[in-house]
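Beneath this line is the structure, given in structure tokens, with notes to follow.
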């Protein structure tokens, strides 16, 4: 499920991103998408490819990975994100929910550290 007002467009943050064509209140689930779960061995292979930048750590101990379908892998990173992603290991899906009010035309972002305001440097900023 992806809300019909969510779109993909060119982003000033780089590449493409996820945007809204409507105002969205706090606490709105805007996407529920299935994932393809990968074993730790499969993750090691994927990490050698461009897909490394689009997978999520997965599983109870986060040693596996997941390829999120839908738009989940297209949300750009922000240390002050307006959305959060939630993992459902049992149902092999991810949800994206707003944590701040979002205005029509805004880009929707997630913090790749999994917490909206976690300022821990992520892999492409830590170099």
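The values are calculated or read from the model by the stated rules, or taken from the named source; none is laboratory data. Keep in mind that what you see is a predicted model, and the values were worked out from it rather than measured. Counting neighbours? That spans all protein chains shown, and the Cβs are built from the backbone with ideal geometry, glycine included.
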task = Please enumerate the residues belonging to region 64-82 that are assigned to a loop (DSSP other than H, G, I, E, B) and surrounded by 13 or more Cβ atoms within 10 Å (Cβ to Cβ).
result = 69, 70, 71, 75, 78, 79, 81, 82
Selection status of residue 57, free of Cβ contacts under 8 Å to residues at least 60 places away in the same chain, over 21 Å from residue 1 (Cβ atoms), assigned to a strand (DSSP E or B) and over 10 Å from the mean Cα position of the chain (by Cα) = yes
message = Can you tell me how many residues within region 11-20 are surrounded by fewer than 18 Cβ atoms within 10 Å (Cβ to Cβ) and in contact with a strand residue (DSSP E or B) (Cβ under 6 Å, 6 or more places away or on another chain)?
response = 3
query = Being at pLDDT 90 or above and over 16 Å from the mean Cα position of the chain (by Cα), is that true of even one residue in region 91-98?
reply = yes
note = Among 36, 30, the single one that is assigned to a strand (DSSP E or B), more than 24 Å from residue 116 (Cβ to Cβ) and in contact with a strand residue (DSSP E or B) (Cβ under 8 Å, 6 or more places away or on another chain) is 36
message = Condition (residue is without any contact (Cβ under 8 Å) to a residue 24 or more places away in the chain and either over 15 Å from the mean Cα position of the chain (by Cα) or exposed (fewer than 13 other Cβ atoms within 10 Å of the Cβ) (or both)) applied to region 29-41: is it met by at least one residue?
response = yes
request  = Take residue 24 and decide whether it is within 11 Å of residue 108 (Cβ to Cβ) and over 16 Å from the mean Cα position of the chain (by Cα).
outcome  = yes
request  = Kindly check whether there is at least one residue in region 10-17 that is in contact with a helix residue (DSSP H, G or I) (Cβ under 9 Å, 6 or more places away or on another chain) and more than 17 Å from residue 109 (Cα to Cα).
outcome  = no
task = Please state which one of 74, 94 is in contact with a helix residue (DSSP H, G or I) (Cβ under 6 Å, 6 or more places away or on another chain) and in contact (Cβ under 8 Å) with a residue 40 or more places away in the chain.
result = 94
inquiry  = Here is a check on your reading of the model: is residue 85 without any contact (Cβ under 8 Å) to a residue 60 or more places away in the chain, surrounded by 13 or more Cβ atoms within 10 Å (Cβ to Cβ) and either over 11 Å from the mean Cα position of the chain (by Cα) or not in a strand (DSSP E or B) (or both)?
reply    = no
message = Looking only at region 88-109, count every residue that is crowded, with 21+ Cβ neighbours inside 10 Å and within 19 Å of residue 22 (Cβ to Cβ) and tell me the total.
response = 4
message = As an exercise: evaluate residue 59 against (1) buried (at least 16 other Cβ atoms within 10 Å of the Cβ); (2) over 20 Å from residue 116 (Cβ atoms); (3) at pLDDT 95 or above and give the number of the one condition it does not meet.
response = (3)
